[in-house]
Amino acid sequence: MQKLLFRSIREHAAAFSGGEYTSEELTRAFLRQIETVDGRVGAYLTVDAEGALLAAREADERRRRGESLGPLDGIPYAVKDNFCTKDLRTTCASRMLESYCPPYDAEAVCRLRRAGAVLLGKVNLDEFAMGSSTEHSALGRTRNPYGEDRVAGGSSGGSAAAVAAGECVFSLGTDTGGSIRQPAAFCGVMGLKPTYGAISRYGVIALASSLDCVGVFSRLAEDGETVLSALVGRDEKDMTTLDVPPSPIPDRPLRVAVVTDFLQEGMVSDDVRACLLAAVSLLRESGLAIGEVTLPEPSMALAAYSVLTSAEAASELGRYDGVRYGLSRAADTLERLYAESRGEGFGREVKRRLLFGTYALTGENRETLYDRARRVRLAVKRAMEEILSSYDLILSPATPTSAFLANARRTPAEMYRSDLCTVYANLAGLPSLAIPVGVDREGLPLALQLTGAAFSEPLLYRASALLEGKHHGRDEI
Ligand code: GLN
């Protein structure tokens, strides 16, 4: 049974065609797994058993009629709870939207529905995707399948944990500063943040629109590629989307740039550094050309990311005013209604960022904080593009440490440091893949990250085979 839950998309599709099992049987197996393990993992906020079984039966029916929709037809998956799903509660893990049922599906969910994929339910996140541990969810904790005392990472902690614990074949998440790659790294699965504009964000509740990306969690590269190809492409409803064919994979030995900033003393844990160095030797042995590069100062990139996301979030989240939708508290003046609804609806981390974001846009701060952050962003983008004009891939750690302890009482600044290695790709709008490569001394997953030129996702997935370890989710949870 466990083995069944950890099969690849291709294996499931072959089993459907060969009559070994149906999508309905597979869906029931995942629903049972959710029932058995999710009390411990806490990945799901909402399970839609009825909707999933209905979709699975439709997939089986199509197959019987010889009208299968392709590789994803009948494949069960989960989606982060900041994607709108028609008539299915979409909370953003916030009191603000606790009972919100959207009247429409996010474009990514529509595309998967059109490909026949079976939506099992909605998974946990840090409130409004702000965080690195899923501890800022107002609706419950997600634990790391590799250690219940560890966080699953964040903000897409539920998406990562669900794939790792065999509670779905793949999942969707969002990545604004690392929210797919960091939890993927902590849970030992693959996490892809695609090129900015590759996948529609229509119906995805925004954190910071100039950085937000929809992406994929999978156990295997081939699964990630299959899901990605169902999602990419122009959508009239999101003007940032583009129809760009993926760049061809170079027909020569790859040139890989290793980011040496992260090898400096104190930047990342000893285990992470050892893992990066081991990967470099491995790549050298396989005949790849390896060069060393540095990136613009990590603390500057982190600060710029923090200013930009907070400023954008302050305006994006202005819509939760207690009037139109979301939590609403009656009061005698409009000001009080705003204050009470927002005061009660938002958690501490969200409030901290909204206050900071508003501050960064107020008066002279706009010049000293926001405009400066935009200049840093441009410098990061230029530096990365410069590196990628002579290299195919940029190799770095995905995270500074493996999964940290839950309830560790980290300060906000310590927490923000989790994004040290990931924010660059967001600032530059480039695709980046977290790849599980092994475990540390405590048996916790370690991951490396490959970043490439715009629309080089197939190369990232292909190249992951050069680094990949044997850890694709925990099969004996
Ligand atoms: N950890 C980052 C943050 O808290 C990432 C958020 C994200 O990518 N959604 O801002």
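The values are calculated or read from the model by the stated rules, or taken from the named source; none is laboratory data. Because the structure is predicted, anything quoted here is derived from the model rather than measured. Counting neighbours? That spans all protein chains shown, and the Cβs are built from the backbone with ideal geometry, glycine included.
Numbers at a glance
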| item | result |
| --- | --- |
| Residues of the range 198-210 satisfying the condition of being crowded, with 24+ Cβ neighbours inside 10 Å and either assigned to a strand (DSSP E or B) or within 12 Å of the ligand (Cβ to nearest atom) (or both) | Ile199, Val204, Ile205, Leu207 |
| Count of residues meeting criterion [surrounded by 15 or more Cβ atoms within 10 Å (Cβ to Cβ) and free of Cβ contacts under 8 Å to residues at least 24 places away in the same chain] in the range 235-272 | 1 |
| Subset of the range 410-467 (residues that are surrounded by fewer than 23 Cβ atoms within 10 Å (Cβ to Cβ) and closer than 26 Å to Arg348 by Cβ) | Arg410, Thr411, Pro412, Ala413, Glu414, Met415, Tyr416, Arg417 |
| Those helices (runs of 4 or more DSSP H) lying entirely in the range 211-324 with at least 3 residues within 16 Å of the ligand (Cβ to nearest atom) and within 18 Å of Met384 (Cβ to Cβ) | 298-316 |
| Residue, surrounded by the fewest Cβ atoms within 10 Å (Cβ to Cβ), within the range 38-57, restricted to residues that are under 22 Å from the mean Cα position of the chain (by Cα) and aliphatic (A, V, I, L, M) | Val47 |
| The range 172-197, residues that are β-branched (Val, Ile, Thr) and either within 12 Å of the ligand (Cβ to nearest atom) or free of Cβ contacts under 8 Å to residues at least 40 places away in the same chain (or both) | Thr174, Thr176, Ile180 |
| Options Ala152, Ala129, Ala138, Ala165; residue that is of a type in the set (A, V, I, L, M, F, W, C) and either without any contact (Cβ under 8 Å) to a residue 24 or more places away in the chain or surrounded by fewer than 24 Cβ atoms within 10 Å (Cβ to Cβ) (or both) | Ala138 |
| Answer from Ala13, Ala29, Ala59 - the residue that is among the aliphatic types (A, V, I, L, M) and touching a residue at least 60 places away in the same chain (Cβ under 8 Å) | Ala13 |
| Selection count, the range 334-368, where residues are in a helix (DSSP H, G or I) and within 16 Å of the ligand (Cβ to nearest atom) | 11 |
| Pair list, Cβ under 7 Å, 6 or more apart: the range 423-449 residue closer than 16 Å to Arg150 by Cβ, other residue within 16 Å of the ligand (Cβ to nearest atom) and assigned to a helix (DSSP H, G or I) | Pro445/Ala185; Pro445/Phe186; Pro445/Cys187; Ala447/Ala184; Ala447/Ala185 |
| Residue tally, condition among the acidic types (Asp, Glu) and touching a helix residue (DSSP H, G or I) at 6+ places or on another chain (Cβ under 6 Å), over the range 17-35 | 1 |
| Test: residue in the range 377-386 that is more than 30 Å from Ala160 (Cα to Cα), modelled with pLDDT of 95 or more, in a loop (DSSP other than H, G, I, E, B) and not acidic (Asp, Glu) | no |
| Set Gly322, Gly347: member being surrounded by 14 or more Cβ atoms within 10 Å (Cβ to Cβ), at positive phi and not polar (S, T, N, Q) | Gly322 |
